[in-house]
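Only one structure is covered here, and it is reproduced in the block below.
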Amino acid sequence: MAVETIKWINGAARIIDQTKLPRQFKYLYCRDVKTMWQAIKRLQVRGAPAIGVAAAFGVLLGIQKFKGSDKRKFLQLFHETCDYLSTSRPTAVNLFNMLNEMRAVVTHNPQADVATLKKALFLQAMTIFEADREVCRQMGEHGAKLIKNGMRCLTVCNAGALATVDYGTALGVFYSAKGRGKKFSVYSCETRPLLQGARLTCWELLQQKIDTTLICDNMAATLMAQGKVDIIFTGADRIASNGDAANKIGTYMLAVLARHHGIPFYVVAPSTTFDLKIKSGRQIPIEERHSDEVTHFAGVPTAPKGVKVYNPAFDVTPAKLIAGIVTEHGIIRAPFVKNIKRLLLN
Ligand code: MRU
């Protein structure tokens, strides 16, 4: 894929600034951990898997200026950096899982000196980066089998190359299906309030020459009632042990509609998006974002000053509405508790 969402280049994390798309294609170079923290918070880099890689690179940024060989001081800086990055966004579990993978490097090498640890942490971050590229392609291959010629697919938010290192989860399924020569089309929900569907998914899919139609979020029910949607693919930010899946606000609404209209609803997510410590979606922390995102568009007010706003960034789709979860290991179907364990813990 031509899209390189995040890359480590000469001591800096280069990200595509997604707040500027599609008007402008601009890279942002994060050279210190604070810039990376802000980039995650402001959604300059976004999407659960990309946030996970950004967190790993953020750790490298935090420790790279450490001079000397005092291990106690180094470990203090390392843990402070991990703790700091973990406050950037609460819902996508990839962020916490990747920070834990970085922490594991330190716990598994108790005798290592500072220079050795720095090297090992660098290698771990690169492993996380490469693994994302590979698992996205594996999910794409599994998911592509679900797409038949002539199908009209629907997706929400952006679970594409821009939400991962360079390929995507839900959109990766479309890229793999296209690679296999399948003919299909995609409806992209615009995804209020920040329009990741309109701005990012449409931008990506058009670049890949996929037949794409943009709809406002409130058109989905009509489209389904008209028999124009055959299958739905979404990403996820955190999946509980029972298969309940948090994703961009509006996803749950699509799953309810899909059930009513008899349309299969699939979630596409890597094993790094599972949180097996929690039993159900009720335990998933849901980020609430600033009211300006709802009351303004591109800096212009779209609501009267002083109105109260509720702005949860994610919702939870109960497992019972999900036909299957496409992972790098294959497609998980109900009963989810048993099958998630079987596929991910073996
Ligand atoms: O707030 P965002 O843009 O980070 O939300 C992203 C989503 O909800 C994606 O669908 C999810 O992270 C899956 S990305 C492969």
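The values are calculated or read from the model by the stated rules, or taken from the named source; none is laboratory data. Computed from a prediction, not measured in an experiment: that's the story for all the values here. Note that we place each Cβ from the backbone using ideal geometry, even for glycine, and neighbour counts take in every protein chain shown. Heads up: the accessible areas ignore ligands, DNA and RNA and are worked out on the full protein's heavy atoms, side chains in. Shrake-Rupley method; radii C 1.70, N 1.55, O 1.52, S 1.80 Å.
What to note about this one:
- In segment 294-330, the residue that is farthest from the ligand (Cβ to nearest atom) out of those that are open to solvent by 40 Å² or more (accessible area, probe 1.4 Å) and at positive phi is GLY306.
- Residue in segment 167-175 that is in contact with a Gly (Cβ under 6 Å, 6 or more places away or on another chain), assigned by TED's automatic domain parsing to the domain that holds VAL309, at positive phi and in a strand (DSSP E or B) present: yes
- All positions within segment 110-133 that are open to solvent by 30 Å² or more (accessible area, probe 1.4 Å) and acidic (Asp, Glu): ASP113, GLU130
- For segment 213-226, the count of residues that are among the hydroxyl-bearing types (Ser, Thr, Tyr), assigned by TED's automatic domain parsing to the domain that holds LYS145 and either touching a residue at least 12 places away in the same chain (Cβ under 8 Å) or touching an Asp or Glu at 6+ places or on another chain (Cβ under 9 Å) (or both) is at least one.
- Criterion violated by ILE147 - all others in (1) touching a strand residue (DSSP E or B) at 6+ places or on another chain (Cβ under 6 Å); (2) surrounded by fewer than 20 Cβ atoms within 10 Å (Cβ to Cβ); (3) farther than 30 Å from GLU288 by Cα satisfied: (2)
- Elements of type helices (runs of 4 or more DSSP H) contained in segment 1-101, each with 2 or more residues being among the β-branched types (Val, Ile, Thr) and at pLDDT 95 or above: 33-41, 48-63
- Close pairs from segment 248-261: first closer than 19 Å to ALA198 by Cβ and open to solvent by 20 Å² or more (accessible area, probe 1.4 Å), partner more than 14 Å from the ligand (Cβ to nearest atom) and at pLDDT 95 or above, Cβ under 9 Å, at least 6 apart: MET253/ALA220; MET253/ALA221
- For the residues LYS67, LYS71, the requirement of being in contact with a helix residue (DSSP H, G or I) (Cβ under 7 Å, 6 or more places away or on another chain), over 27 Å from ILE239 (Cα atoms) and in the same structural domain as ILE16 (by TED's automatic domain parsing) singles out LYS71.
- Unique match (being surrounded by 15 or more Cβ atoms within 10 Å (Cβ to Cβ), in contact with a strand residue (DSSP E or B) (Cβ under 6 Å, 6 or more places away or on another chain) and not aliphatic (A, V, I, L, M)) among SER280, SER291: SER280
- Top-ranked residue of segment 7-36 - restricted to ones that are touching a residue at least 40 places away in the same chain (Cβ under 8 Å) and out of contact with any strand residue (DSSP E or B) (no Cβ under 9 Å at 6 or more places or on another chain), ranked as surrounded by the fewest Cβ atoms within 10 Å (Cβ to Cβ): GLY11
- Qualifying residue in segment 142-157 (condition: part of a helix (DSSP H, G or I), touching a Gly at 6+ places or on another chain (Cβ under 9 Å) and within 13 Å of the ligand (Cβ to nearest atom)): yes
- Filter result (part of a loop (DSSP other than H, G, I, E, B) and away from the ligand (no atom under 16 Å from the Cβ)) within segment 246-290: GLY262, ILE263, PRO264, LEU276, LYS277, ILE278, LYS279, SER280
- Taken over segment 281-340, residues that are touching a helix residue (DSSP H, G or I) at 6+ places or on another chain (Cβ under 9 Å) and of a type in the set (Lys, Arg) amount to 3.
- Checking GLN196 against (1) open to solvent by 20 Å² or more (accessible area, probe 1.4 Å); (2) within 22 Å of the chain's Cα centre (by Cα), the condition it does not meet: (1)
- In segment 181-212, the residues that are part of a loop (DSSP other than H, G, I, E, B) and either on the phi > 0 side of the Ramachandran plot or touching an Asp or Glu at 6+ places or on another chain (Cβ under 9 Å) (or both): GLY181, LYS183, GLU190, THR191, ARG192, PRO193, LEU194, LEU195, LYS209, ILE210
- Inspection of segment 164-173 finds no residue satisfying the criterion of being farther than 25 Å from ILE128 by Cβ, more than 10 Å from the ligand (Cβ to nearest atom) and surrounded by fewer than 24 Cβ atoms within 10 Å (Cβ to Cβ).
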